[in-house]
């Protein structure tokens, strides 16, 4: 019989095609939007600088240089201050090899290296804001001591603290949740007999997977931040995250433990090994790739998490000095920048970094599972 | 001989310890669920229990109020419940057909090379953090709505619906696809054998057989939409009062009410935010109950 494609059928085929194109198109659109707005702002400076600008007085030893005795090549730029007032300032464009500004010392006697893009506010007490490069060079050339005291401003605008906080959050949450998740999976696969308890654990992990992150945030806030008095902190955030991660880790590890052939266990028992030896020396090593995939998926989840962290870890834009200090991850910062400062460019720049990381993680987990399931 | 016995005893102890260690960790998930339910309900119900230290609030006023003015002591969330439900409903109406049709394409029609592009794309869509969906909404959808809207701002029910619709797509697509894939080929062959066309087979044989799996995907999508916070917060407008009058009206979903004010709320205000969480949690529990009803005896398993 000949296939007949009538008008109605081609209409439905058309709808299916449109739906699929929409799905792909929207992804391309979202990625295109975030990359086009954000990528131009992403450079080494963006990744390695502080978020907030900071000012300090520093002492710098003079040296030989082409423009001035500091060995600095300066330039004029305008910066936007908060309240959108524009200001003309002198910034460091380049640091010559002979320069000693990287050994500068602040007024507390601690080293504070100057770097490119730093603003020079004052030289030996003279305000240089609004002055031209020539005027500033002249002031520097007239210095007759061997050190200069300058007030400088590190511009900020970078995301280094958030990168560090995100890494700390990843490490800490995995530290809690990976042992718990893996041990739980070992119990479910290697010890438990099917029955009420296993069903209960399964029900619990399914429920955990279905709870939205804002509820986790509420819970974390009530228990960790308030009841246990941890405050908005790295620790409260990581504890909350580790519960969020449990379902992923338990499920993935269970899968990979189940994939270990029973003959391995039987062979081990047959050689006289006991259960714990069999698990730690035979079963777990075989299941390692699966556990690694679980960890990579968890890292993706931590990087993407925001609502739960907003309520437990807070929004401080500094590297937390201790487990009890607040710190915001990249994603939380992307939110506060978008919401409170309405700065879509900066939020997209952070978003670009997040998306690239997630693409790399996805590829990595694919690679690992492909490589090891071929055995 | 005696030494062997000792070693055996030691090993036995080790085995037992290990057993209990693993058992304990398996209970952590159960403890967590119980703790989450307990703490959220316990703190969230305080304002409605007479003699609460931070003051009391009438439960009926809370659930039927159309104003949220913490400074005046008014905590009504009916307009938020309505906003949340309308947004979820709209997202499902738009997102489910698109999701199911895309899943049909992936599972039944796509050549291998197309699958290789579409499946990772769907995974990527699922992996984008919700903040970035919100950013996209704020940067693209809100300005676009501003051009066609009679209202002064683009942040609106419509913006929330569009963002949520995109966000539920990966959930609906992946679950529908696996439901379609689990329909045995014999069904398709039987249908072809009777002379049915490919499309007829898909819509009249395969989809009905995959019904409960698809439904599970829809319900999961509802759960994701109603619980979504950060993306929605950026595009909803979050007014302090009033039911939405049209799709261009701003809304204030339950989730954003919690996230927006929690950082500076204290006393009764904070407890009313916890109470908002209880209402949201009740919705989530209902959705999960429906879900477990559906997945019991479904083709998914």
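Pairs of C-alpha atoms in the protein assembly as shown farther apart than 37 Å represent 48 percent of all such pairs.
With contributions of -39500 (n - 2.57) from each DSSP H run of at least four residues, the per-residue ellipticity at 222 nm computed over chain A stands at -17500 deg cm²/dmol. Centre-to-centre separation between the Cα atoms of the range B:240-301 and those of the range B:117-153: 21 Å.
For the residues of B:169-178, the average number of beta carbons from a partner chain within 10 Å of their own beta carbon is 1. Kirkwood Rh over Cα pairs of chain A into Stokes-Einstein at 10 °C, 1.306 mPa s: D in µm²/s? Value of D from the Cα-based Kirkwood radius: 63 µm²/s. Only helices enter the 222 nm calculation for chain B: every DSSP H run of n ≥ 4 contributes -39,500 (n - 2.57), and dividing by all residues gives -22500 deg cm²/dmol, rounded to 500. Peptides A:115-127, B:63-75, B:266-278 ranked from most to least packed give B:266-278, A:115-127, B:63-75, packing being the mean of other C-beta atoms within 10 angstrom over each peptide's residues.
Ranking of B:262, A:168, B:167 by neighbouring Cβ atoms within 10 Å, starting from the fewest: A:168, B:262, B:167. Any idea what % of Cα-Cα pairs in the range B:2-48 are farther than 17 Å? That tail contains 59 percent of the Cα-Cα pairs. Rg/Rh for the range B:159-301 stands at 1.14; both radii use Cα atoms, and Rh follows the Kirkwood definition. Which value in Å does the Kirkwood hydrodynamic radius of the range B:69-227 take, with 1/r averaged over all unlike C-alpha pairs and then inverted? Evaluated on the range B:69-227, it is 17.6 Å.
As a ratio to 2.2 N^0.38 Å, the alpha-carbon radius of gyration computed for the range B:1-104 takes the value 2.10.
Counted by neighbouring Cβ atoms within 10 Å, the residues A:97, B:61 run from fewest to most as A:97, B:61. Helix A:284-304 axis versus longest C-alpha principal axis of chain A: approximately 50°, rounded to the nearest ten. May I ask for the percentage of alpha-carbon pairs in chain B that lie more than 25 Å from each other? Tail fraction, whole percent: 61. For chain A, the longest principal axis of the alpha carbon atoms and the long axis of helix A:7-38 meet at an angle near 40°. Across the range A:1-109, Cα pairs under 8 Å and at least six residues apart give a relative contact order of 22 percent. Taken over the C-alpha atoms, the range A:264-375 has Rg and Dmax values of 20.7, 66 angstrom. For the range A:53-154, take the alpha-carbon Rg, divide it by the Kirkwood Rh, and send me Rg/Rh. My calculation of the ratio gives 0.94.
Take each residue of peptide A:25-33, count the partner chain Cβ atoms within 10 Å of its Cβ, and average: the result is 5. The modelled label-to-label distance for the pair residue A:286/residue A:10, using points 7 Å beyond Cα in the direction of Cβ, is 5.6 nm.
Relative to the longest principal axis of the Cα atoms of chain A, the long axis of helix A:196-210 makes an angle of roughly 40 degrees.
Each residue of the range A:148-277 gets 209 Å³ once the volume of the Cα convex hull is shared out per residue. Taking the three principal axes of the alpha carbon atoms in the range B:169-209, the coordinate ranges are 34, 16, 12 Å, sorted in descending order.
Measuring nothing but how far apart in sequence close Cα pairs (under 8 Å, 6+ apart) lie, relative to its length, the range A:215-331 scores a relative contact order of 42 percent. The translational diffusion coefficient of the range A:160-373, from Stokes-Einstein at 20 °C and 1.002 mPa s with a Kirkwood hydrodynamic radius over alpha carbon pairs, comes to 116 µm²/s.
Any read-out appearing in this document is the output of simple, stated calculations on the displayed coordinates, not a laboratory observation. Remember, it's a predicted structure, so these values are computed and weren't measured experimentally. Because the Cβ atoms are built from the backbone with ideal geometry, glycine has one as well, and the counts that use them run over all protein chains shown.
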